[in-house]
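Engineer: Below is one structure. I have some questions about it.
What follows draws every value from the coordinates through simple rules; no lab data is involved. Everything numeric here is computed off the predicted structure, so don't read it as measured data. In this analysis, Cβ positions are derived from the backbone assuming ideal geometry, glycine residues included, and neighbour counts consider all displayed protein chains.
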Amino acid sequence: MLKPILLVEDSGQDVELTLAALTKARLANEVIVLRDGEEAMDYLSSQGRYATRARGNPALILLDIKLPKVDGLEVLAFIKSQQRLKSIPVVMLTSSREEPDLTASYQSGANAYVVKPVRFQDFVKAVQDLGGFWAMLNEPPPGSVRFRRPE
Amino acid sequence: MNKSPSHPPEAVPDLATCDREPIRIPGSIQPHGILLSLDGDSLRILQASGNAEQLFRIPVENLLGRRLPEVLREMNAGELVDAIECAALDTNPVYLASVSMAGRAYRAVAHLHAGRVIVEFEEAATGQLFDGNVSFHNLYPLVRTFLDRLQGLETVEELAQMAAEEVRAITGFERSLVYKFDPSWNGQVIAESRGPGIESYLDLWFPASDIPAQARELYQLNRLRLIADTDYKPVPLVPALDPETKAPLDLSYATLRSVSPVHIEYLHNMGLRASMSISILRDGKLWGLISLHSRTPKTVPFEVRVACDFLGQAFSTHLAAKEGQAEYEHRLHLRSITAKLLGYMAEEERFIDGLINHPDELLALTAASGAAVLFEGNCRQVGITPPEPAIRALVNWLSDNRQAAEVFRTESLPVEMPGGEWFREDASGVLAVSISKLYNSYVVWFRPEVIRTVKWSGDPQKPVEATAKGMRIHPRKSFEAWKETVRGKSLPWRPSEVEAASELRNALVGVVLRKAEELAALSAELQRSNKELEAFSYSVSHDLRAPFRHIVGYAQLLEDHLGDKADETAVRFLNTIADAAHSAGMLVDSLLNFSRVGRAALHLMDVPRAAMVDEIRQELAEQEPATRDIVWQIGRLPTVQCDPVLMRMVWLNLLSNALKYSRKKAATRIEVSCESTEDWHTFAVSDNGAGFKQKYAGKLFGVFQRLHNQEEFEGTGIGLANVRRAVGKHGGRTWAEGALDAGAVFYFTLPVRAVATRHDLTK
């Protein structure tokens, strides 16, 4: 079974659009949607609502920067500080083109930083590239199952 | 005076040894009178001058031990007896009475000092101005005239001149000098009155050693001295010591007191046979002397001396008033100069120029002959100053050694500062005020060595007179000696001048501080608004962009959802929605970009212009339909130091504009060129496109300024505003030339030597 893609995104519209883009990009992974930073950290450390979730790390985390409660940069720092989590590829997916965010993201160990393009087609292409690269082509971290593209 | 045998013979005898000479207790008197010392209570005669027999007609030994009244009664001098017994005596000699003996008239004058009544019998003068019966009635008109004339005088110099004339007129001396001490007790002749044939000493300076400290002290106590004949033979007192105190008699207040042989030698060398001096006191301290000279022996009657003393005191009183007034007026004058300078500074863009552009006032403020203003690293000089490197060395020394001092002054920099010998001629005197510790900012005034400022009424080149040669002491030699004492020294800075400098400093510091505060406030305000702007654009970039993204996305989803069910109109509507939202999103991006260009710091590096332009050209060309006919003509472009990100944006905007606006031409022609001068590169991008009316050229570079509608040429109206900002940050200019339908040329300049502009200072 493919490892899931984690999408951490507070905007309902963005969730819907991203899912559409992922579908269009023909990524078959299950997508788990989390709506704020706290929930993401609970999920990743199997706490709270997620205390009983199936074990295992996601194949990829798409992480929005502006999030309620705990923001994306904090979640990123948390992930990269945990021995068990730090090898999960994290793509910062954001509206922001601001330099400080970009710098902070890379300094905290983000694997990629994507400014969501306004044009939907461009967004689909970006998601396709990202998902393809990180969820399929990249040598997956130990513990992940290599994804095989369904024909 | 003891002269050390090891003394080099030609050396001026050091008059300093006079400091140890017992001038108050010489044990002898001048022979133009007779002196008796009496016990203050019993009036018994304790000591008498050896010449007493002239008057009393009995040997001195027979006088001793007797009461003077008894002796006088025997001489039928009853008037004098009454005067002596009734007189209320103190240290000021008072006239008692006249006494005649064997055809000679004597005036008796007495004073009380240290328990002794000292009676002096002066032989009445003959053949002189006031021979015979001199009285106050004779002198009163002269004195009154003097007092009247005093009222009309303006300056100390006029006062001194008049005193010299009046005193000479009253006494009949050949020459009178008014001699003024400086703070180190050097003296200068500031006024002179002289008869025919006698040499002028006006403006001559004398070193402090000419009048030793103890003599000055005596002059302060006893305001009048007379040497009637320099060739006199001193008459000793008998016995030499006071029989009761076993000490020599203190003659401090005695008129007949015998004077120092050194002084006599000095007078002789000047060719004088008689001299008198009157002390001028100011606030109880010796200020100067009126010195009277005669080439023949001369006695001065007591009444005349009293009149002279009176004139001297009137001089002193007026002096205090005149000097006080002069000082007050001087201060007022300096204050008005300070006010002028402050006014000049207020008018200048760089306030410090107000000082440099008005050298007359700057120098007048402290009566300096040169000044330097060191500010923000510049050193600017006016008047006569040492060379710039010396001045810089001076302020470095000042800031290293005199940090605490806001005002530094010296009359002898060569002594105070190591290596200060450099400054001797032009700048022995230095008055410096520190304006700011930053860059060692100072205003420094200079005064030359005093010798260069000395007037000399005689011929300064004239060698010391033959008569003075071989003499141990002489005024000319004194003058030479004085010159040595003032080598490397300037005239002293007056308290009012130091005060004026200090006032100017306070004003300057105030201005500097205010400027610094203004700048700090401005920069704090800038930082704050920068932060606000950053926060604002951050939230814009997140929150404003998202809805446009959503519109575009959902329009697409809807189109996908409808699939075949969407007719042509529905698809067109959906596309319009998406396009509109897309341009709105682009607009947001452009705006953010624009604000980023404004805020970004420049990262300068050498950028090969040709490579950058070529790369952008290719990138743009790829986006154009392959069918489009485009001729690029790119000239030689230099490598320039600039920020590559900003400069790339500049070229991208200019070249894409050129492509965009020439789109409707059958054949597009785009030229890129550069012309360079020593200071500036001027780049030009021209196209043969739609152009614009030249009268709108100024509008092109404004934010949201567009000369075409969206249907003609799409765009956000921010591209050229970005270009202007980016070029401006490099210190360059932008402008455009064009004509409607005849193409456009866009120019921008970049400095050959890159400069950081004001914008970066706030970073």
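Engineer: For A:LYS66, list the lysines whose Cα falls under 22 Å from its own Cα; do not include residues on the same chain fewer than 8 positions away.
Structural biologist: Leaving aside lysines fewer than 8 places away in the same chain, those within reach of A:LYS66 are A:LYS80, A:LYS86, A:LYS116, B:LYS531.
Engineer: Another one. How far is helix B:568-599 tilted off the main Cα axis of chain B, in degrees rounded to 10, range 0 to 90?
Structural biologist: Roughly 20 degrees between the two axes.
Engineer: Averaged over its residues, how many other protein chain Cβ atoms are within 10 Å of peptide B:552-559's Cβ atoms?
Structural biologist: 6
Engineer: Normalised by the residues of chain B, what does the relative contact order come to in percent, with Cα pairs under 8 Å and at least six apart?
Structural biologist: Normalised by residue count, the contact order of chain B is 9 percent.
Engineer: Averaged over its residues, how many other protein chain Cβ atoms are within 10 Å of peptide A:10-18's Cβ atoms?
Structural biologist: 3
Engineer: While we're on this one: Amide H neighbours of B:VAL607 under 5 Å, counting only residues 5+ apart in sequence or on other chains, H built in-plane at 1.01 Å?
Structural biologist: B:VAL640, B:GLN641, B:CYS642
Engineer: Moving to a separate point now. For B:LYS298, which aspartates and glutamates qualify as cross-link partners when the Cα separation must be under 15 Å and same-chain residues fewer than eight apart are set aside?
Structural biologist: Straight-line reach from B:LYS298, under 15 Å: B:GLU122, B:GLU123, B:ASP131, B:GLU174, B:ASP229, B:ASP231.
Engineer: Using a Förster distance of 45 Å, how high is the FRET efficiency between B:ALA102 and B:GLU157, based on the Cβ-Cβ distance and rounded to 0.05?
Structural biologist: It comes out at approximately 0.35.
Engineer: Separate question: Applying a 10 Å radius around every beta-carbon, put B:179-185, B:642-648 in order of their mean neighbour count, most first.
Structural biologist: B:642-648, B:179-185
Engineer: May I ask you to order B:731-742, B:406-417 by the average number of other C-beta atoms within 10 Å around their residues, highest value first?
Structural biologist: Averaged packing, sorted descending, gives the order B:406-417, B:731-742.
Engineer: Ok, one more. Taking the Cα atoms only, what angle lies between the long axis of helix B:644-661 and the longest principal axis of chain B, rounded to 10 degrees?
Structural biologist: Long axis of B:644-661 versus the principal axis of chain B: about 50 degrees.
Engineer: Place a point 7 Å from the Cα of A:LYS69 along the Cα-to-Cβ direction; which residues of segment A:28-53 have their backbone N under 17 Å from it?
Structural biologist: A:32-53
Engineer: Something else now. Calculate for chain B the 222 nm mean residue ellipticity that helices alone would give, adding -39,500 (n - 2.57) per DSSP H run of length 4 or more and normalising by residue count, nearest 500 deg cm²/dmol.
Structural biologist: Estimated from H runs of four or more residues: -13000 deg cm²/dmol.
Engineer: Please report B:ARG24, B:ARG725, A:ARG84 as a ranked list, fewest other C-beta atoms within 10 angstrom at the top and most at the bottom.
Structural biologist: Ascending Cβ contact count within 10 Å gives the list A:ARG84, B:ARG24, B:ARG725.
Engineer: Calculate the FRET efficiency for B:LYS565 and A:VAL33 from the Cβ-Cβ distance with a Förster distance of 30 Å, rounded to the nearest 0.05.
Structural biologist: That pair, B:LYS565 with A:VAL33, gives E of 0.55.
Engineer: Can you give the angle from 0 to 90° between the axis of helix B:495-539 and the longest principal axis of chain B, with both taken from C-alpha atoms, to the nearest 10?
Structural biologist: The angle comes out near 20 degrees.
Engineer: Can I ask one more? Between B:GLU388 and B:LEU332, what is the label-point separation in nm under the 7 Å Cα-to-beta-carbon projection?
Structural biologist: Each label point lies 7 Å from its Cα, and together they span 4.2 nm.
Engineer: For segment B:210-294, what does the alpha-carbon gyration tensor say about shape, rounded, prolate or oblate, given a ≥ b ≥ c as the root eigenvalues, a/c under 1.5 as rounded, and a/b over b/c as prolate?
Structural biologist: oblate
Engineer: If I stretch the segment between B:ALA666 and B:ARG44 completely, what's the gain in nm (0.36 nm per residue apart, minus their alpha carbon distance), one decimal?
Structural biologist: Computed gain between B:ALA666 and B:ARG44 is 209.8 nm.
Engineer: Which whole-number percentage describes the relative contact order of segment A:5-137, with Cα contacts under 8 Å and a sequence gap of 6 or more?
Structural biologist: Computed over segment A:5-137, the figure is 28 percent.
Engineer: Gap in Å between the Cα centre of segment B:356-414 and the Cα centre of segment B:489-563?
Structural biologist: Using only Cα atoms, the two centres lie 36 Å from each other.
Engineer: From the backbone phi of segment B:186-194, what are the Karplus-calculated ³J(HN,Hα) couplings (6.51 cos²θ - 1.76 cosθ + 1.60, θ = phi - 60°) in whole Hz, Gly and Pro given as x?
Structural biologist: 6, x, 10, 7, 9, 8, 8, 9, 8
Engineer: Of all beta bridges DSSP finds with both residues in chain B, what is the antiparallel percent, to the nearest 5?
Structural biologist: Antiparallel bridges make up about 95 percent of those DSSP assigns within chain B.
Engineer: Still on this structure, I have one more. Highest mean first, what order results for B:150-158, B:608-616 on Cβ atoms within 10 Å?
Structural biologist: Taking the mean over residues of other Cβ atoms within 10 Å, the ranking is B:608-616, B:150-158.
Engineer: How far is it, in nm, from the label point at B:ARG733 to the one at B:ALA405 when both lie 7 Å from their Cα along the line to the Cβ?
Structural biologist: Distance between the two pseudo-spin positions: 5.0 nm.
Engineer: Please give the average number of partner chain Cβ atoms lying within 10 Å of the Cβ of each residue in A:119-128, rounded to a whole number.
Structural biologist: Going residue by residue through A:119-128 and averaging, the value is 4.
Engineer: Shape call for segment A:1-122 from the C-alpha gyration tensor, a ≥ b ≥ c root eigenvalues: rounded (a/c under 1.5), prolate (a/b greater than b/c) or oblate?
Structural biologist: oblate
Engineer: So what is the relative contact order of segment B:600-761, in percent, for Cα pairs below 8 Å that sit 6 or more residues apart?
Structural biologist: Across segment B:600-761, relative contact order equals 24 percent.
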